Amino acid sequence: MFCNYSVSGMTKENEQYAYFTVTGDFDPTVITDQLGIQPSESWRMGDRNERTHYERKFSRWSLKSRLDHSATLEEHVRDVLDQTRDFAPTIRDIGRAFNCWVQLVGYFHSDYPGFSLDRDSISSLAILNVGIDCDFYYLYSHEREDSE
(Lines give C-alpha, C1' and ligand atoms only; values in the text may rest on other atoms or scores of the structure.)
Protein backbone atom coordinates (compact mmCIF):
# COMPACT_ATOMS: atom_id res chain seq x y z
CA MET A 1 0.00 0.00 0.00
CA PHE A 2 1.16 3.56 -0.77
CA CYS A 3 2.45 5.21 2.37
CA ASN A 4 4.42 8.41 3.00
CA TYR A 5 5.34 9.83 6.36
CA SER A 6 5.71 13.44 7.40
CA VAL A 7 8.97 15.03 8.47
CA SER A 8 8.30 14.04 12.07
CA GLY A 9 8.09 10.41 10.95
CA MET A 10 4.79 9.93 12.75
CA THR A 11 1.91 11.11 10.57
CA LYS A 12 1.20 9.63 7.16
CA GLU A 13 0.61 11.93 4.19
CA ASN A 14 -2.92 12.19 2.85
CA GLU A 15 -3.81 9.80 0.03
CA GLN A 16 -6.56 10.47 -2.49
CA TYR A 17 -7.70 9.25 -5.88
CA ALA A 18 -10.70 9.16 -8.21
CA TYR A 19 -12.14 6.86 -10.82
CA PHE A 20 -15.03 6.63 -13.26
CA THR A 21 -17.14 3.57 -12.53
CA VAL A 22 -20.10 1.64 -13.89
CA THR A 23 -22.02 -0.81 -11.69
CA GLY A 24 -24.95 -3.15 -12.25
CA ASP A 25 -25.57 -6.60 -13.69
CA PHE A 26 -23.47 -6.87 -16.86
CA ASP A 27 -20.44 -8.52 -18.40
CA PRO A 28 -17.58 -5.98 -18.01
CA THR A 29 -16.21 -6.89 -21.45
CA VAL A 30 -19.38 -5.37 -22.94
CA ILE A 31 -18.50 -1.99 -21.38
CA THR A 32 -14.89 -2.37 -22.57
CA ASP A 33 -16.12 -3.10 -26.10
CA GLN A 34 -18.56 -0.17 -26.08
CA LEU A 35 -15.95 2.33 -24.87
CA GLY A 36 -12.98 0.82 -26.67
CA ILE A 37 -10.71 1.28 -23.64
CA GLN A 38 -9.43 -1.16 -21.04
CA PRO A 39 -10.62 -0.68 -17.45
CA SER A 40 -8.22 -0.17 -14.57
CA GLU A 41 -10.29 -2.72 -12.69
CA SER A 42 -13.39 -4.78 -13.37
CA TRP A 43 -15.32 -7.75 -12.06
CA ARG A 44 -18.50 -9.60 -12.77
CA MET A 45 -21.41 -10.17 -10.42
CA GLY A 46 -20.89 -13.56 -8.79
CA ASP A 47 -17.08 -13.42 -8.97
CA ARG A 48 -15.29 -14.10 -5.70
CA ASN A 49 -13.79 -11.07 -3.97
CA GLU A 50 -10.21 -12.15 -3.22
CA ARG A 51 -9.99 -9.84 -0.21
CA THR A 52 -13.21 -10.87 1.57
CA HIS A 53 -13.82 -14.24 -0.12
CA TYR A 54 -17.49 -13.28 -0.57
CA GLU A 55 -19.34 -13.39 -3.86
CA ARG A 56 -19.63 -10.01 -5.57
CA LYS A 57 -23.19 -8.66 -5.54
CA PHE A 58 -22.80 -6.52 -8.68
CA SER A 59 -20.57 -6.09 -11.71
CA ARG A 60 -18.17 -3.17 -11.89
CA TRP A 61 -16.07 -1.53 -14.59
CA SER A 62 -13.70 1.25 -13.45
CA LEU A 63 -11.19 3.65 -14.99
CA LYS A 64 -8.83 5.18 -12.43
CA SER A 65 -7.00 8.48 -12.46
CA ARG A 66 -3.43 8.16 -13.73
CA LEU A 67 -2.05 10.52 -11.09
CA ASP A 68 -0.10 9.74 -7.94
CA HIS A 69 -2.17 9.44 -4.75
CA SER A 70 -0.55 12.65 -3.47
CA ALA A 71 -2.30 14.77 -6.15
CA THR A 72 -5.36 16.76 -5.08
CA LEU A 73 -8.85 15.36 -5.50
CA GLU A 74 -9.59 18.12 -7.99
CA GLU A 75 -6.60 17.04 -10.11
CA HIS A 76 -7.76 13.41 -9.99
CA VAL A 77 -11.27 14.39 -11.12
CA ARG A 78 -9.84 16.41 -14.02
CA ASP A 79 -7.69 13.45 -15.08
CA VAL A 80 -10.67 11.07 -15.03
CA LEU A 81 -12.73 13.59 -17.03
CA ASP A 82 -9.87 13.99 -19.52
CA GLN A 83 -9.87 10.21 -20.05
CA THR A 84 -13.64 9.95 -20.52
CA ARG A 85 -14.58 13.21 -22.29
CA ASP A 86 -14.33 11.76 -25.82
CA PHE A 87 -16.69 8.94 -24.89
CA ALA A 88 -19.53 11.12 -23.56
CA PRO A 89 -22.28 9.84 -25.93
CA THR A 90 -21.42 6.21 -25.15
CA ILE A 91 -21.19 6.88 -21.40
CA ARG A 92 -24.62 8.54 -21.48
CA ASP A 93 -25.99 5.43 -23.25
CA ILE A 94 -24.36 3.13 -20.71
CA GLY A 95 -25.81 5.30 -17.93
CA ARG A 96 -29.34 4.64 -19.16
CA ALA A 97 -28.92 0.95 -18.31
CA PHE A 98 -26.45 1.03 -15.41
CA ASN A 99 -25.19 3.27 -12.62
CA CYS A 100 -22.33 5.59 -13.63
CA TRP A 101 -20.43 8.08 -11.50
CA VAL A 102 -17.04 9.45 -10.56
CA GLN A 103 -15.90 8.00 -7.25
CA LEU A 104 -13.64 10.08 -5.00
CA VAL A 105 -11.64 8.43 -2.22
CA GLY A 106 -9.64 10.28 0.40
CA TYR A 107 -7.64 8.95 3.34
CA PHE A 108 -6.88 12.03 5.39
CA HIS A 109 -4.11 11.26 7.87
CA SER A 110 -2.83 14.74 8.62
CA ASP A 111 -5.72 17.09 7.81
CA TYR A 112 -8.71 17.58 5.51
CA PRO A 113 -7.60 19.71 2.55
CA GLY A 114 -11.13 20.55 1.41
CA PHE A 115 -12.71 19.76 -1.93
CA SER A 116 -14.28 21.87 -4.64
CA LEU A 117 -15.08 21.57 -8.33
CA ASP A 118 -14.68 24.35 -10.86
CA ARG A 119 -17.31 25.14 -13.50
CA ASP A 120 -15.45 23.24 -16.23
CA SER A 121 -15.40 20.03 -14.17
CA ILE A 122 -19.07 20.39 -13.25
CA SER A 123 -19.92 20.99 -16.90
CA SER A 124 -17.95 17.90 -17.96
CA LEU A 125 -19.75 15.77 -15.35
CA ALA A 126 -23.08 17.09 -16.67
CA ILE A 127 -22.11 16.27 -20.27
CA LEU A 128 -21.32 12.69 -19.18
CA ASN A 129 -24.56 12.66 -17.12
CA VAL A 130 -22.79 11.08 -14.15
CA GLY A 131 -22.85 11.79 -10.44
CA ILE A 132 -20.16 11.94 -7.80
CA ASP A 133 -19.75 9.72 -4.75
CA CYS A 134 -17.28 10.68 -2.02
CA ASP A 135 -15.73 8.21 0.40
CA PHE A 136 -13.62 10.28 2.77
CA TYR A 137 -11.89 8.75 5.77
CA TYR A 138 -10.65 11.08 8.49
CA LEU A 139 -7.78 9.22 10.13
CA TYR A 140 -6.35 12.03 12.18
CA SER A 141 -7.19 13.52 15.53
CA HIS A 142 -6.28 16.80 17.16
CA GLU A 143 -6.05 14.78 20.38
CA ARG A 144 -3.39 12.34 19.15
CA GLU A 145 0.23 12.91 20.04
CA ASP A 146 1.32 12.47 16.39
CA SER A 147 -1.20 14.99 15.02
CA GLU A 148 -0.03 18.56 14.75
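The values are calculated or read from the model by the stated rules, or taken from the named source; none is laboratory data. The model shown is predicted, which means the values in this text are computed figures rather than measured ones. Here the Cβ is made from the backbone with ideal geometry for all residues, glycine too, and neighbour counts use every protein chain on show.
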* Structure fact -> All-but-one check, G24 against (1) modelled with pLDDT under 95; (2) on the phi > 0 side of the Ramachandran plot, failing number (1)
* To do: Look at the stretch 55-88 and say how many of its residues are of a type in the set (V, I, T) and under 20 Å from P28 (Cβ atoms).
  => 2
* Taking the options R66, R60, name whichever one is of a type in the set (D, E, K, R), within 17 Å of the chain's Cα centre (by Cα) and surrounded by fewer than 17 Cβ atoms within 10 Å (Cβ to Cβ). => R66
* Asked: Is it true that some residue in the stretch 111-119 is surrounded by 13 or more Cβ atoms within 10 Å (Cβ to Cβ), more than 28 Å from R48 (Cα to Cα) and not acidic (D, E)?
  -> yes
* Asked: Does D93 count as crowded, with 16+ Cβ neighbours inside 10 Å and of a type in the set (D, E, K, R)?
  -> no
* Structure fact -> Taking the stretch 60-70 and the residues there that are out of contact with any strand residue (DSSP E or B) (no Cβ under 6 Å at 6 or more places or on another chain) and at pLDDT 95 or above, the one that is nearest to T23 (Cα to Cα) would be R66
